[in-house]
Structures are given as C-alpha cells and as structure tokens.
Amino acid sequence: HHYYDAASDGTPTLGITALADLDGWPLGVDAGFAPAPDPAATAPGVWHLTGYAEDLPAHAPDDVTVALRRDGTVDGGGTWWADGSVLEIRDVPVETFDGTTQLRRWRLLVDDDLALGRDDRTATVRAERIGSAPPVVAAPAPSPAAGPIDNVTTAPVAPRFTG
C-alpha cells in the first residue's frame with residue numbers, strides 16, 4: 001500500500017505489511033511479528049485490546065482490558081483457550097456506550113507481549129500485555145453439613161387423585 005508520510009512533509013511512501021493467516025483470512029501484522037505455536041503458554045496476563053478508528057462508522061473500536069488467568073478463566077467473566085495457534089477469548093461481559101452489557105469474543109495470534117486478531121464483528125484488534133496473570137480464584141468450599149440426622153425413615157407416599 002502507499003501512504004503519505006507526515007514525518008517527511010507528506011512524502012509519498014510505499015509501505016509493505018507482512019500478512020498472517022487467521023482462520024483463512026489475511027491479517028496485517030507488525031514487522032517481526034511471529035505468532036506463537038502454542039498461545040496457551042504465553043496468554044495468561046492482563047491485555048489491553050484496542051480496535052482501529054478505520055473501522056468506524058461500521059463499528060466503534062474496541063477498548064477493553066481483559067485479565068486471563070492461568071486456569072482458562074477471565075477475571076470478571078468469560079473463558080479463554082488455545083485453538084491450535086489461535087487464542088480464543090469468549091463470553092467476556094463488556095459494557096457498551098448505551099450502558100448495556102454484551103458478551104464479546106476475540107480470536108488472536110499471540111507473539112509474547114503483542115497479539116493481533118479479530119473480534120466477533122470481524123473488526124481488526126490489537127492487544128498489548130500490560131500486566132501479569134491474576135491469581136486463580138479457588139472455588140468456595142462447600143458449607144459444612146448441619147449435622148447428622150439419625151433415626152429418620154421415609155415411607156413411600158401413594159398418589160392422591162381427586163375427581
């Protein structure tokens with residue numbers, strides 16, 4: 001593609017962008033970006049996902065922070081896992097501009113502290129790691145029983161019909 005370089009007084013410039021394959025569709029990636037073969041090993045952490053203004057007006061760009069725990073859960077709701085070389089993040093509750101909540105999902109290629117991919121609206125997304133993985137939250141312990149109940153018997157109850 002070509003663009004006009006603002007840093008060089010608008011000089012016409014040829015730009016060459018590397019492409020990666022995400023679900024059979026090309027995805028423009030940063031120079032040197034090399035997707036990890038196993039994103040599950042590098043995914044846990046806090047990620048800031050942003051979209052691109054070029055997706056307007058069709059979609060408001062994403063601006064979401066997600067915290068991926070090592071157990072495959074997302075802080076605040078949702079899950080994540082590796083689908084081959086793709087990181088899948090699903091069912092994350094995100095508040096929209098009108099105050100409603102939507103469950104969102106993303107498919108990303110991960111390279112250490114950078115991830116690139118698409119959201120559930122097919123818009124391009126960039127994610128940068130901004131923190132380490134939050135701790136796994138242990139399931140609450142079952143409440144202790146009230147105590148044994150002795151000498152209790154039950155007898156079958158015959159159905160009653162009225163008519």
Is it true that Asp83 is over 10 Å from the mean Cα position of the chain (by Cα) and either under 20 Å from Thr50 (Cβ atoms) or among the aromatic types (Phe, Trp, Tyr) (or both)?
no
Hey, Trp80 surrounded by fewer than 18 Cβ atoms within 10 Å (Cβ to Cβ) and among the aromatic types (Phe, Trp, Tyr) or not:
no
Could you say whether any residue in the stretch 85-96 is part of a loop (DSSP other than H, G, I, E, B), open to solvent by 70 Å² or more (accessible area, probe 1.4 Å), free of Cβ contacts under 8 Å to residues at least 24 places away in the same chain and among the β-branched types (Val, Ile, Thr)?
no
Looking at (1) modelled with pLDDT under 95; (2) over 21 Å from Gly24 (Cα atoms), which is the only condition Asp120 fails?
(2)
Conditions (1) at pLDDT 90 or above; (2) open to solvent by less than 40 Å² (accessible area, probe 1.4 Å); (3) assigned to a loop (DSSP other than H, G, I, E, B) -> Trp47 fails only (3)
Note: among Ala40, Ala60, just one is at pLDDT below 85, open to solvent by 30 Å² or more (accessible area, probe 1.4 Å) and either over 23 Å from Val137 (Cα atoms) or not in a loop (DSSP other than H, G, I, E, B) (or both), namely Ala60
Residues of the stretch 103-126 being open to solvent by 70 Å² or more (accessible area, probe 1.4 Å) and within 13 Å of the chain's Cα centre (by Cα), which ones?
Leu103, Arg105
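The values are calculated or read from the model by the stated rules, or taken from the named source; none is laboratory data. Given the structure is predicted, the values throughout are model-derived calculations rather than measurements. Positions of Cβ are generated from backbone atoms using ideal geometry, with glycine treated the same way; all protein chains shown enter the neighbour counts. With ligands, DNA and RNA removed, areas are computed over all heavy atoms of the protein, side chains included. Shrake-Rupley method; radii C 1.70, N 1.55, O 1.52, S 1.80 Å.
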